[in-house]
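The values are calculated or read from the model by the stated rules, or taken from the named source; none is laboratory data. Remember, predicted model here, so these are calculated numbers, not experimental data. Glycine gets a Cβ as well: all are built from the backbone with ideal geometry, and neighbour counts include every protein chain shown. Please note that ligands, DNA and RNA were not included when accessible areas were found on the heavy atoms of the full protein model with its side chains. Shrake-Rupley method; radii C 1.70, N 1.55, O 1.52, S 1.80 Å.
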Amino acid sequence: MIKVLIADDQAMVRTGFGMIIGAQPDMEVVGEAADGVEAVALARRLRPDVALFDIRMPKMDGLEALRLLAGPGVADPIKVVVVTTFDLDEYVHQALRNGAAGFLLKDSGPALLVEAVRAADSGDALISPSITVRLLEHLSPPAPKSDDGGLSPRELDVVKLAAKGLTNAEIAGELFISIGTVKTHLGSVQTKLGARNRVEIAAWAWERRLIS
């Protein structure tokens, strides 16, 4: 079972997410928090497989809570998916830098929420397709296009598709390779770029304007 913690200051949102998660045969909600301080405390005590954090919460916002649980220097990070109403560029930028294992809008729908939880649990990460292009392309000033990070042409192909929000299965279909090969390429990319997850790989690609 994938143990999920839900943190949102709105009880209706927590209930809705809880119903979606609870309806999955391989998931269970192990805790709920109404503010950021409580979310961090529960996450550290319960050690969920995946945590769903809103951004705007009382006492401590979700981005600071994320930093404390998954940010740079955290020895044993918790996988946190940011789920928010606010698709502001600076929120995405900070979430990625603080180690988010996904970034979704609340209106993305149940299917994408469940997919994001499963992706985070497996070490992958998912960003709402509706905001991937618009937000990530503005993360920071573009680096020189010649900066390929030492990636092979095939690895670059995989990175470009991942940055567009494609799943491993969709990347495999596009490139006519196996899903296992996609995972191998992504693992190699993470090592070469020093990226902790798929989100940071996508950010790297967008910062270098590798996506048209």
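If you wrap the Cα atoms of region 13-60 in a convex hull and average its projected area over all directions, you get 3.3 nm².
Protein heavy-atom accessible surface, 1.4 Å probe, per residue over the chain: 45 Å². By a 1.4 Å probe calculation restricted to protein chains, Ser178 has an accessible surface near 60 Å², given to the nearest 10.
Per-residue accessible area (protein heavy atoms, 1.4 Å probe) orders Ile2, Ile177 as Ile177, Ile2, starting from the largest. The charge dipole of the chain, taken about the Cα centre with unit charges on the Cβ atoms of Lys, Arg (+1) and Asp, Glu (-1), comes to about 420 debye, rounded to the nearest 20.
A 25 angstrom limit on the alpha carbon distance is what I want to check against. Which of Lys3/Lys160; Lys106/Lys192; Lys79/Lys192; Lys79/Lys183; Lys59/Lys164 exceed it? Beyond 25 Å between Cα atoms: Lys3/Lys160; Lys106/Lys192; Lys59/Lys164. Once you reduce region 155-174 and region 90-120 to the center of their Cα atoms, the two points are 18 Å from each other. Once all protein chains are placed together, Phe53 keeps about 0 Å² accessible to a 1.4 angstrom probe.
How many percent of the accessible area of the chain is carbon or sulfur, using a 1.4 Å probe? Of all accessible area on the chain, carbon and sulfur atoms account for 55 percent.
Translational diffusion of the chain was estimated from the Stokes-Einstein equation, with Rh taken as the Kirkwood radius over Cα pairs; at 10 °C and 1.306 mPa s the coefficient is 92 µm²/s. Between the amide H of Ala33 and those of Ile6, Ala7, Asp8, distances stay under 5 Å, these residues lying 5 or more places away or on another chain, with hydrogens modeled in the peptide plane.
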